[in-house]
Amino acid sequence: MKLGMIIDYAGGFAETVELIQEYERNGLELVAIPEAYSFDAVSQLGYIAAKTEKIELMSAILQLYTRTPSLTAMTAAGLDFVSGGRFILGLGVSGPQVIEGFHGVKYDQQLGRTREVIEICRQVWKREPVEYRGRNYKIPLTKDDGGSGLGKPLKIINRPVRSEIPISIAALGPKSVAQVAELANGWQPLFFHPGKARGVWGESLEEGFSKRDPALGELDVQLQIAFHLGEPGPEQIAAVRNQLALYVGGMGARDKNFYNQLACKYGYETEAKEIQDLYLSGKKQEAAAAVPDDLVNAITLVGDEDTIRTQLRALWDAGVRTLLLNPLAASPEDRVSQLRRLSELTSELKAEF
């Protein structure tokens, strides 16, 4: 099982990069940078590429509406170049609040756009002249498409380090997860419950796997998960509860909240409604308190070493192959030491995996 981390640089980017270097020396194998509507992820990934040696780099996620497919492919090839072949292209559709509210781009055709961007990226990386006639993207743009008619098929000038850069997709809905299982190298689910994931996504995964090209290999489930070795303090558990309350209660409109729908599919319909009602009425602390304990326990990697071993086995059995850790330890020194011990535990369990 690969150990990665989603990086939160709220404490200062330069200090975070120094810590990443220390993580790399103590077992971290992958670092992922989010984008949302903050600073772009690309410039930061390029900087981290120059400051690290072996660690893989992933975007988590680039929103596919905000760049043309060819620019997405060029950007991924560029990051793969400056990192010496260490980049993973993490993509996702985000949501209408960000895409329409911040970027002013219509949020439509999520499945079709995802498929077309993936296919165009793979054309670019193979240095094929890009010719694509999709529903959402037409390259080159002809006069019939509203263009000047002067466009011609072009291939990327530079030779990419790799002709096949791994693509990881963030997805939760049944149709989007089926598409991920068909087309992508990796899948980034959020709030993944190993005991209930099969019931929620099993049918979608099987549908996608039935169409999957065997050359893609096993789907790498890359799971964001809060991590603490040993008994966490109240503030650390509160951080998990607050995040769940934000996503289940306030991430999206009342009837367009993917995370609320996921909690319902896990069997928490009553609790999900209460959390949302409280959060949207401004009672955020009450919403966090309403998050069920067993949901908190199921979606975190927290406890003593025996508990962690049990949780790692459950995650592996549920298909998780990469952990994107959110360390809860208070100090950088504790976060590094806990990562080092987790790396040792996963090595000990390697024979079982």
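The values are calculated or read from the model by the stated rules, or taken from the named source; none is laboratory data. Not measured: the values here are computed from a predicted model. Glycine also receives a Cβ, built like all others from the backbone with ideal geometry; neighbour counts cover every protein chain displayed. Protein only, heavy atoms only, side chains kept; ligands, DNA and RNA dropped before computing areas. Shrake-Rupley method; radii C 1.70, N 1.55, O 1.52, S 1.80 Å.
Numbers at a glance
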{"quantity": "Test result for ALA215, under 16 Å from the mean Cα position of the chain (by Cα) and open to solvent by 20 Å² or more (accessible area, probe 1.4 Å)", "calculated": "no"}
{"quantity": "Number of positions in the stretch 1-23 that are in contact with a strand residue (DSSP E or B) (Cβ under 8 Å, 6 or more places away or on another chain), open to solvent by 10 Å² or more (accessible area, probe 1.4 Å) and not β-branched (Val, Ile, Thr)", "calculated": "3"}
{"quantity": "Criterion (touching a helix residue (DSSP H, G or I) at 6+ places or on another chain (Cβ under 7 Å) and closer than 26 Å to LEU315 by Cβ) met by exactly one of PRO69, PRO34", "calculated": "PRO34"}
{"quantity": "Lone qualifier among GLY104, GLY90 - being closer than 30 Å to PRO174 by Cβ, in a loop (DSSP other than H, G, I, E, B) and modelled with pLDDT of 95 or more", "calculated": "GLY104"}
{"quantity": "Residue in the stretch 210-218 that is in contact with a Gly (Cβ under 8 Å, 6 or more places away or on another chain), modelled with pLDDT of 95 or more and outside any helix (DSSP H, G or I) present", "calculated": "no"}
{"quantity": "Hits in the stretch 180-198 (condition: modelled with pLDDT under 95, of a type in the set (Gly, Ala, Ser) and either closer than 18 Å to ARG212 by Cα or open to solvent by 10 Å² or more (accessible area, probe 1.4 Å) (or both))", "calculated": "GLY195"}
{"quantity": "Test: residue in the stretch 51-65 that is in contact with a helix residue (DSSP H, G or I) (Cβ under 6 Å, 6 or more places away or on another chain), farther than 28 Å from THR16 by Cα and not polar (S, T, N, Q)", "calculated": "yes"}
{"quantity": "Members of the stretch 13-48 found to be among the polar types (S, T, N, Q) and either in a helix (DSSP H, G or I) or under 15 Å from the mean Cα position of the chain (by Cα) (or both), listed by number", "calculated": "THR16, GLN21, SER43, GLN44"}
{"quantity": "Hey, VAL124 without any contact (Cβ under 8 Å) to a residue 40 or more places away in the chain, surrounded by 21 or more Cβ atoms within 10 Å (Cβ to Cβ) and within 27 Å of the chain's Cα centre (by Cα) or not", "calculated": "no"}
{"quantity": "VAL177 open to solvent by 40 Å² or more (accessible area, probe 1.4 Å) and in contact with a Phe, Trp or Tyr (Cβ under 6 Å, 6 or more places away or on another chain)", "calculated": "no"}
{"quantity": "Residue in the stretch 129-152 that is open to solvent by less than 60 Å² (accessible area, probe 1.4 Å) and not in a loop (DSSP other than H, G, I, E, B) present", "calculated": "yes"}
{"quantity": "Counted residues, the stretch 327-345 - those being among the polar types (S, T, N, Q) and at pLDDT below 95", "calculated": "1"}
{"quantity": "Yes/no for ALA41 being open to solvent by less than 20 Å² (accessible area, probe 1.4 Å) and within 29 Å of VAL124 (Cα to Cα)", "calculated": "yes"}
{"quantity": "Single residue of GLY202, GLY208 found to be of a type in the set (Gly, Ala, Ser) and within 22 Å of GLU269 (Cβ to Cβ)", "calculated": "GLY202"}
{"quantity": "Pairs where the first residue, in the stretch 24-45, is of a type in the set (Val, Ile, Thr) and the second is in a loop (DSSP other than H, G, I, E, B) and modelled with pLDDT under 95, C-beta under 7 Å, 6+ apart", "calculated": "VAL31/ILE7; ILE33/ILE7; ILE33/ALA60"}
{"quantity": "Enumeration of residues in the stretch 67-87 that are assigned to a loop (DSSP other than H, G, I, E, B) and in contact with a Phe, Trp or Tyr (Cβ under 9 Å, 6 or more places away or on another chain)", "calculated": "THR68"}
{"quantity": "So SER70, is it in contact (Cβ under 8 Å) with a residue 24 or more places away in the chain and either of a type in the set (Lys, Arg) or at positive phi (or both)", "calculated": "no"}
{"quantity": "Pick from the stretch 76-117, criterion of a type in the set (A, V, I, L, M, F, W, C) and over 28 Å from GLU53 (Cα atoms), ranking: most open to solvent (accessible area, probe 1.4 Å)", "calculated": "PHE102"}
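So that you can scan it fast, the table gives a plain yes or no per residue for (1) at pLDDT below 95; (2) of a type in the set (Val, Ile, Thr); (3) farther than 30 Å from SER347 by Cα:
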| site | (1), (2), (3) |
| --- | --- |
| GLY27 | no, no, no |
| GLU35 | yes, no, yes |
| LYS54 | no, no, no |
| ALA60 | yes, no, no |
| LEU64 | yes, no, yes |
| THR72 | no, yes, yes |
